[in-house]
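J.: Please see the structure below; I have some questions.
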Amino acid sequence: QVQLLESGGGLVQAGGSLRLSCAASVGIFTLNTMGWYRQAPGKQRELVATITRDGITNYADSVKGRFTISRDVAKNTVHLQMNGMKPEDTAVYYCNADNWVYIFWGQGTQVTVSS
């Protein structure tokens with residue numbers, strides 16, 4: 001069982017920045033992929049950004065050039081730096097990880113962008 005603990009959500013004005021963090025209970029090199037998903041009210045959960053064990057990143061088109069996913073291996077943590085935020089970025093953000101067998105989710109952290 002892998003536990004994921006998110007932090008860093010909150011309220012920000014449009015154009016501002018937030019940094020989300022996800023701390024894993026295991027070494028992140030034991031995981032295949034880690035990433036961030038988000039779910040806005042009335043919408044399906046969608047991919048935001050992922051990073052593989054080899055460091056390959058992937059972003060949703062809607063956040064390319066604004067969001068950056070990174071990792072701190074020593075702290076078993078993945079970060080999501082969000083810049084140039086827009087009201088449509090408002091959602092609950094979930095940390096996600098898989099170990100080639102199971103998929104794990106964090107409890108979610110609310111991000112609200114005011115216009």
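The values are calculated or read from the model by the stated rules, or taken from the named source; none is laboratory data. This is a predicted model, so every value here is computed, not measured. Cβ: placed from backbone, ideal geometry, glycine included. Neighbour counts: every protein chain shown. The protein model used for the area step is the full one, side chains on, heavy atoms only, and it has no ligands, DNA or RNA in it. Shrake-Rupley method; radii C 1.70, N 1.55, O 1.52, S 1.80 Å.
J.: Identify, by number, the condition in (1) aromatic (Phe, Trp, Tyr); (2) closer than 20 Å to ALA14 by Cα; (3) exposed (fewer than 14 other Cβ atoms within 10 Å of the Cβ) that PHE29 doesn't meet.
T.: In the conditions (1) aromatic (Phe, Trp, Tyr); (2) closer than 20 Å to ALA14 by Cα; (3) exposed (fewer than 14 other Cβ atoms within 10 Å of the Cβ), PHE29 misses (2) alone.
J.: Just to check your reading of the model, which residue among THR112, THR77 is of a type in the set (Val, Ile, Thr), in contact (Cβ under 8 Å) with a residue 40 or more places away in the chain, touching a Leu at 6+ places or on another chain (Cβ under 6 Å) and closer than 16 Å to GLU6 by Cβ? Break it down into steps so the answer makes sense when it comes.
T.: On the way: THR77 fails: touching a Leu at 6+ places or on another chain (Cβ under 6 Å).
Result: THR112 is the single residue among THR112, THR77 that is of a type in the set (Val, Ile, Thr), in contact (Cβ under 8 Å) with a residue 40 or more places away in the chain, touching a Leu at 6+ places or on another chain (Cβ under 6 Å) and closer than 16 Å to GLU6 by Cβ.
J.: Being crowded, with 16+ Cβ neighbours inside 10 Å and without any contact (Cβ under 8 Å) to a residue 60 or more places away in the chain is the requirement here; does ASP72 meet it? So that I can check it myself, show each step before the final result.
T.: On the way: crowded, with 16+ Cβ neighbours inside 10 Å: no; without any contact (Cβ under 8 Å) to a residue 60 or more places away in the chain: yes.
So ASP72 does not fit the description; no.
J.: If we keep just the residues of segment 76-86 that are open to solvent by 20 Å² or more (accessible area, probe 1.4 Å) and under 22 Å from LYS64 (Cβ atoms), which is nearest to the chain's Cα centre (by Cα)? Walk me through it before giving the result.
T.: Initial filter on segment 76-86 (open to solvent by 20 Å² or more (accessible area, probe 1.4 Å)): 76, 79, 81, 83-84, 86.
From what's left, under 22 Å from LYS64 (Cβ atoms): 79, 81, 83-84, 86.
Values: HIS79: 7, GLN81: 9, ASN83: 13, GLY84: 16, LYS86: 16 Å.
Step by step, filter segment 76-86, then rank; the result is HIS79.
J.: Going by the structure shown, is SER17 touching a residue at least 12 places away in the same chain (Cβ under 8 Å) and exposed (fewer than 14 other Cβ atoms within 10 Å of the Cβ)? Step through it out loud before you land on a result.
T.: Working: touching a residue at least 12 places away in the same chain (Cβ under 8 Å): yes; exposed (fewer than 14 other Cβ atoms within 10 Å of the Cβ): yes.
Taking the combined requirement at face value, the residue satisfies it.
J.: Let me ask you something else. Take segment 87-115 and flag every residue that is out of contact with any Gly (no Cβ under 7 Å at 6 or more places or on another chain), open to solvent by 80 Å² or more (accessible area, probe 1.4 Å) and over 23 Å from PHE29 (Cβ atoms). Working first, answer last.
T.: Of all residues in segment 87-115, those out of contact with any Gly (no Cβ under 7 Å at 6 or more places or on another chain) come to 87-91, 97-108, 112-115.
After this cut, where a residue has to be open to solvent by 80 Å² or more (accessible area, probe 1.4 Å) as well, the list is 88, 100-103, 105, 107, 115.
The answer is GLU88, GLN107, SER115.
J.: Right, next: Given segment 1-100, what strands (runs of 3 or more DSSP E) lie entirely inside it while holding 2 or more residues that are polar (S, T, N, Q) and at pLDDT 95 or above? Steps first, please.
T.: Values: elements: 4-7, 10-13, 18-24, 33-39, 46-52, 57-59, 67-72, 77-82, 91-98.
Because the criterion is at least 2 residues that are polar (S, T, N, Q) and at pLDDT 95 or above, the strands (runs of 3 or more DSSP E) in segment 1-100 that meet it are 33-39, 46-52, 57-59, 67-72, 77-82.
J.: Between LEU5, LEU47, which is touching a Phe, Trp or Tyr at 6+ places or on another chain (Cβ under 7 Å) and more than 20 Å from SER115 (Cα to Cα)?
T.: On the way: LEU5 fails: touching a Phe, Trp or Tyr at 6+ places or on another chain (Cβ under 7 Å).
Just a single option satisfies the conditions, and that option is LEU47.
J.: Among the residues of segment 80-107, write down those that are closer than 15 Å to TYR37 by Cβ and of a type outside the set (A, V, I, L, M, F, W, C). Walk me through how you get there before you give the answer.
T.: In the first step, residues of segment 80-107 are kept if they are closer than 15 Å to TYR37 by Cβ; the result is 80, 82, 89-98, 103-107.
Matches in segment 80-107: ASP89, THR90, TYR93, TYR94, ASN96, ASP98, GLY106, GLN107.
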